[in-house]
Amino acid sequence: ERTRLGKLRRLPAETLDGQIVELQANLEIPAELPLLDHAGAQGIGLLRTEFLFMNRKDLPDEDAQVSVYRMIVEAMGHDPVTIRVLDWGGEKEIEALAETVPMAVGPNPALGLRGIRMLLKHPELLEEQFAAILRVSNLGNVRVLLPMVTIPAEVAEAREIYERVARRLRRRGESLPDKLPPLGAMIETPGAALAADAIALEADFFAIGTNDLAMYTLAVDRAEIDVAHLYDPLHPAVLRLMQFAVEAALRLRMPVSVCGEMAGNPRLVPLLLGLGLRSLSMNASAIPRVKQAVRALNIDDCARFARRVMEQSDPAQITELVEKFGTA
Ligand code: PEP
Ligand code: MG
């Protein structure tokens with residue numbers, strides 16, 4: 001079976017009726033880079049940059065960040081590299097930031113100063129990261145992603161900083177592309193999903209983070225064992241929010257992808273394609289099986305299936321439908 005999945009690497013992620021699906025990798029540490037080519041990833045749909053700030057006592061400076069981004073962007077050639085700015089807060093703790101950003105850990109860290117909220121409160125961190133990313137943006141196909149967005153103004157404010165940093169770099173003689181890399185928003189809270197039509201007016205693309213979206217929608221901590229049985233991305237509430245966000249993006253012909261764990265489950269591919277998604281980002285190791293699933297599907301069947309699923313309001317019914325897909 002290994003060789004069969006290996007051969008898939010060169011085959012396109014194309015449905016039986018000729019729809020192309022983009023399958024990209026989520027990257028948590030650069031050491032995973034060699035896996036991408038092997039898995040046949042078409043770029044990086046989510047580069048988590050937390051690793052740059054972890055296991056160290058001080059902050060990485062701009063040049064240190066540049067060298068890591070450069071290595072990754074160059075390794076990916078013309079394929080897209082979606083660099084997400086630091087998503088700190090919530091359950092993710094970073095020692096190097098303790099001095100710069102003294103985190104008074106409130107009663108609900110996951111509802112506190114996390115992701116873009118923290119970066120806008122400490123714009124010097126965001127400026128430095130934007131500068132480092134912009135300095136490699138001429139070397140490949142870079143995109144920039146903002147975590148934990150909940151209101152359109154966060155994207156607008158981040159974009160002002162982004163453009164100001166770009167102007168400063170140009171004045172300094174850096175060569176940046178005429179058109180700056182797209183600036184996208186993670187849709188990973190119910191608030192963002194339900195305001196997706198407004199956020200879409202400020203963002204250049206969406207990446208739907210179903211890990212946090214499920215957590216925040218269902219009020220179930222991702223890391224809490226006692227409530228793990230309630231953590232279910234197939235809960236209709238999560239799916240309806242995803243659908244709302246996908247449709248807001250598609251109406252504007254704006255790129256939208258899913259980059260939560262859900263995207264790497266081959267059984268969920270019919271549903272995701274049926275909701276209109278054509279771009280999925282996942283752990284590299286999941287790509288061959290997801291591609292296999294894509295290549296066995298018709299979009300019409302997926303759309304019909306998604307309509308049936310979206311009529312359900314009982315999570316157990318949805319799970320059953322997903323398990324039975326293709327057998328009826
Ligand atoms: C998500 O929340 O689904 C996501 C992709 O981001 P992370 O898992 O890094 O929080
Ligand atoms: Mg997330």
Karplus-derived 3J(HN,Hα) from phi for the stretch 57-70 (6.51 cos²θ - 1.76 cosθ + 1.60, θ = phi - 60°), whole Hz, x at Gly and Pro, runs 9, 10, 7, x, 7, 4, 5, 5, 5, 4, 5, 6, 4, 4
For the pair Met54 and Lys179, how long in nm is the line joining their label points, each one 7 Å along Cα→Cβ? 3.5 nm
Amide H proximity to Gly184 below 5 Å, modelled H, separation 5+ or other chain, gives Val144, Leu145, Leu146, Asp204, Phe205
For Arg253, Arg307, order by how many other beta-carbon atoms lie within 10 Å, fewest first: Arg253, Arg307
For Asp37 and Glu323, compute 0.36 nm times the residue count separating them, minus their Cα-Cα distance, and round to one decimal in nm. 99.9 nm
Return the loop-located GluC sites (Glu not before Pro) in the stretch 53-136 (DSSP other than H, G, I, E, B) with at most 12 other Cβ atoms within 10 Å of their own Cβ; answer none if there are none. Glu91, Glu99
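Multiplying the sequence separation of Glu99 and Arg170 by 0.36 nm and subtracting their Cα-Cα distance, what value in nm do you get?
Residue separation times 0.36 nm, minus the Cα-Cα distance, leaves 22.5 nm.
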Please list, ordered by chain and number, the residues whose modelled amide H lies under 5 Å from the amide H of Asn283; skip anything fewer than 5 residues away on the same chain. Asn26
Give me the net charge for the shell around Ala195: Cβ to Cβ below 13 angstrom, other residues only, Lys and Arg +1, Asp and Glu -1. -4
Between the stretch 23-38 and the stretch 222-247, what is the C-alpha centre distance in whole Å? 26 Å
With label points built 7 Å along Cα→Cβ from the Cα atoms of Leu230 and Ala198, find their separation and express it in nm. 2.8 nm
Residue-wise, which Karplus ³J(HN,Hα) couplings in Hz belong to the stretch 258-273, taking 6.51 cos²θ - 1.76 cosθ + 1.60, θ = phi - 60°, and x for glycine or proline? 10, 10, x, 3, 3, 5, x, 9, x, 5, 9, 4, x, 5, 5, 5
Return P(r) of the chain (all Cα-Cα pairs; 10 Å bins starting at 0; whole %; ordered from short to long distances). 6, 26, 35, 24, 8, 1, 0
Karplus (6.51, -1.76, 1.60) ³J(HN,Hα), θ = phi - 60°, over the stretch 114-120, in Hz, Gly and Pro reported as x: 10, x, 4, 4, 5, 5, 6
Ignoring solvent entirely, what values of log10 I(q)/I(0) come out of the Debye formula for the stretch 72-201 at 0.11, 0.21 Å⁻¹ when each Cα is a single scatterer? -0.41, -1.27
Could I have the simple spin-label model distance between Ala296 and Glu247, label points 7 Å from Cα toward Cβ, reported in nm to one decimal? 3.0 nm
Setting aside same-chain residues fewer than 8 positions from Lys324, which lysines have a Cα under 22 Å from its Cα? Lys291
Among Gln292, Val322, Pro270, whose Cα sits farthest toward the positive end of the charge dipole of the stretch 250-328 (+1 at Cβ of Lys/Arg, -1 at Cβ of Asp/Glu, about the Cα centre)? Gln292
Relative contact order [Cα under 8 Å, 6+ residues apart], the stretch 38-158, whole percent: 35 percent
Note: Glu1 to Leu111 extended length (0.36 nm per residue) minus current alpha-carbon separation gives 35.2 nm
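Each reported figure results from applying straightforward, stated rules to the coordinates on display, with no laboratory input. Note that the structure is predicted; figures quoted are calculated from it, not measured. Here Cβ is always computed from backbone atoms with ideal geometry, including for glycine, and neighbour counts include all displayed protein chains.
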